[in-house]
Amino acid sequence: MKFSQLGQRLAAGSGIELLMDDLGHALSGKGPAMHMLGGGNPAHIPEMEEVWARRMQELVNDAPSLRRTLAIYDPPRGNPRCIAALADLLNREFGWPVTAENIAVTPGGQTAFFFLFNLFSGPAEDGTLGKILFPITPEYIGYANQSLTEGGLVGRQPLIIKTGPHRFRYQIDFDALALGPDVRAMCISCPTNPSGNVLAPAEMRRLADVASKHHIPLIIDNAYGAPFPGILFAESLPIWSPETIHVMSLSKFGLPGTRTAFVVGPPHVASAVSSMMAVTGLANGNFGQSIVCPLMESGEIVRLSREVVGPYYRAKRDKALAAIAEFFPEDRPYFLHEPDGAMFLWLWLPGARITSRELYDRLKARGVLVVPGEYFFFGLSEANTDHHRHECVRISFAMDEDDARAGIRIIGEEIAKAWD
Ligand code: PLP
């Protein structure tokens, strides 16, 4: 058996896959009890679980809807009623002039990015090699390896602004964006996984202007953003222009198992995504759309995001920050990215004598799992990032509060020794 080059590339695995395997084994019960501060699974929020149970019951009691959900292929673009409901919602909430023509459903955000990145990166008809540019690196690890073309994803280093004794934030270095003709799209997750960064409205507007000026799309990953799931603790600008493409997923709203996301962009992009869906998967799964369609029509999806999901994670974040204030060594130069959204704290240890990978190993030996930061710098060459890529770890606060507190106490003890 001989795999093709592309087959080998796709099947070769990735750094993070190895790590996830490591996490899986770590959870197998051997060694000390694990405090899982590594994963990206959304929390199980009791009020949301009640909503899912209610919606499932309603579906079971409604024979035509049940049949639609289980026994009928939707068109590749997605369920027309659900797409119309989302278009109306975006009109009502943000005043965006979108219709069903602007929207296509995909099996989760991950697949949406696979489609979009390969729609824009790679060899073009004129022989040039198109690239996707990430204006701020570190970025979501799941993007790495998604371009079928080697070198199709490139990142830029951000400015690092210290905002307090133990706080910092990344900002786009507009002077260093250097958009050559090979850049065919820009992409940013907002709120960002891993850093929790939310672009300030002026920064978002300026980025959208740069995209417009260069006639390239700006892909905005709304996995944690508005209008759902709304895991946002800072002001954000839900921007719409002929160049913006939003990806909105149901996963962090609490439904990762349904594998449902929506691409909202120019009609020709939505149409291309729908064609790619037909080729690769024929049609989408119907469950997620069936569950949320009435919630979109009534607007309940926005209310739940604002009143339940967002506040739930905000409370978790605040407890995690309180534990950090209690357990982290005040006299050590540790920095946390301003936690504006998502479910992570991004810890930077400038000048530490151990790498984030060594810190990960030490923490794992003590039963705490985090994610070493180096995996999030996939768009930059090693030479480009000096020490920063080896000085950061991602800590999730989505899990049980006692676990988070116990884990943060141990991280505090380990980072107290990190500069020795
Ligand atoms: N984008 C970001 C920033 C994420 O964190 C994730 C998942 O963790 C995804 C996209 C993909 O999520 P899904 O494929 O479940 O929609």
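The values are calculated or read from the model by the stated rules, or taken from the named source; none is laboratory data. Predicted model only: the values in this text are computed from it and were never measured. Every residue, glycine among them, receives a Cβ derived from its backbone with ideal geometry; neighbour counts consider all protein chains shown. Please note that ligands, DNA and RNA were not included when accessible areas were found on the heavy atoms of the full protein model with its side chains. Shrake-Rupley method; radii C 1.70, N 1.55, O 1.52, S 1.80 Å.
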Relative to the longest principal axis of the C-alpha atoms of the chain, give the angle of the C-alpha long axis of helix 287-298, reported between 0 and 90° and rounded to the nearest 10°. 80 degrees
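Normalised radius of gyration for the stretch 165-206, please: alpha carbon Rg relative to 2.2 N^0.38 Å, two decimal places. Present the calculation step by step, with values, prior to reporting the outcome.
Working: Rg = 12.3 Å, N = 42, 2.2 N^0.38 = 9.1 Å.
Here the Cα radius of gyration is 1.35 times the empirical estimate.
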Rule-of-thumb Rg ratio for the stretch 64-299 [Cα; 2.2 N^0.38 Å; N residues]: 1.01
Specify the angular offset, from 0 to 90 degrees and rounded to the nearest 10, of the alpha carbon long axis of helix 310-327 from the longest principal axis of the alpha carbons in the chain. 10 degrees
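Please give the length that would be gained between residue 54 and residue 6 if that part of the chain were fully extended, namely 0.36 nm times their separation in residues minus their C-alpha to C-alpha distance (nm, one decimal). Before the final figure, lay out each step's value.
On the way: separation 48, 0.36 × 48 = 17.28 nm, distance 4.43 nm.
Once the chain is fully extended between residue 54 and residue 6, it gains 12.8 nm.
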Enter the mean projected area of the convex hull around the alpha-carbon atoms of the chain, in nm², rounded to one decimal. 21.5 nm²
If you place +1 on the Cβ of every Lys and Arg and -1 on the Cβ of every Asp and Glu, how big does the dipole about the Cα centre of the chain come out, in debye to the nearest 20? 340 debye
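Hey, what number do you get for the chain at 222 nm if only DSSP H runs of n ≥ 4 count, each worth -39500 (n - 2.57), divided across all residues, to the nearest 500? If you can, show how the numbers build up before the last one.
On the way: 13 runs with 158 residues, N = 420.
So the helix-based figure for the chain works out to -11500 deg cm²/dmol.
Can you list the equivalent-ellipsoid semi-axes of the stretch 342-403, largest first and in whole Å, using the square root of 5 times each Cα gyration tensor eigenvalue? Numbers along the way, then the final one.
Details: eigenvalues 98, 39, 16 Å².
Each semi-axis is √(5λ); the values are 22, 14, 9 Å.
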Using the alpha-carbon atoms, what tilt in degrees (0 to 90, nearest 10) does helix 109-120 show relative to the longest principal axis of the chain? 80 degrees
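Determine, from the Cβ-Cβ distance of residue 176 and residue 150 and an R0 of 22 Å, the FRET efficiency 1/(1 + (r/R0)^6), rounded to the nearest 0.05.
Details: r = 23 Å, r/R0 = 1.06.
After rounding to 0.05, the efficiency reads 0.40.
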Please give, to one decimal in nm, the separation of the simple spin-label points placed at residue 128 and residue 381, each 7 Å out from Cα toward the Cβ. 2.1 nm
Can you tell which of 220, 45, 83 shows the greatest fluctuation in a Gaussian network model of the chain with Cα springs below 10 Å? 45
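State the extension gain, in nm to one decimal, for the chain segment bounded by residue 21 and residue 241, taking 0.36 nm per residue of separation less the distance between their alpha-carbons.
Details: separation 220, 0.36 × 220 = 79.20 nm, distance 4.08 nm.
Extra length available between residue 21 and residue 241 comes to 75.1 nm.
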So, with points 7 Å from each Cα along the Cβ direction, the residue 420-residue 282 label distance in nm works out to 6.1 nm
Which of the cysteines in the chain are isolated, no other cysteine C-beta under 4.7 Å? 187, 190, 392
For a quick check of understanding: with a 1.4 angstrom probe and all protein chains in place, what accessible area in square angstrom does residue 52 have, to the nearest ten? 40 Å²
Solvent-accessible area per residue for the stretch 64-299 at a 1.4 Å probe radius, Å²? 37 Å²
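Can you tell me how much longer the chain between residue 275 and residue 205 gets when fully stretched, taken as 0.36 nm per residue apart minus their C-alpha distance, in nm with one decimal?
On the way: separation 70, 0.36 × 70 = 25.20 nm, distance 3.06 nm.
Length gained, residue 275 through residue 205: 22.1 nm.
So in the stretch 64-299, what percent of DSSP beta bridges are antiparallel if you round to the nearest 5? All intermediate terms of the calculation are to be shown ahead of the outcome.
Working: 15 of 29 bridges.
The answer is about 50 percent antiparallel.
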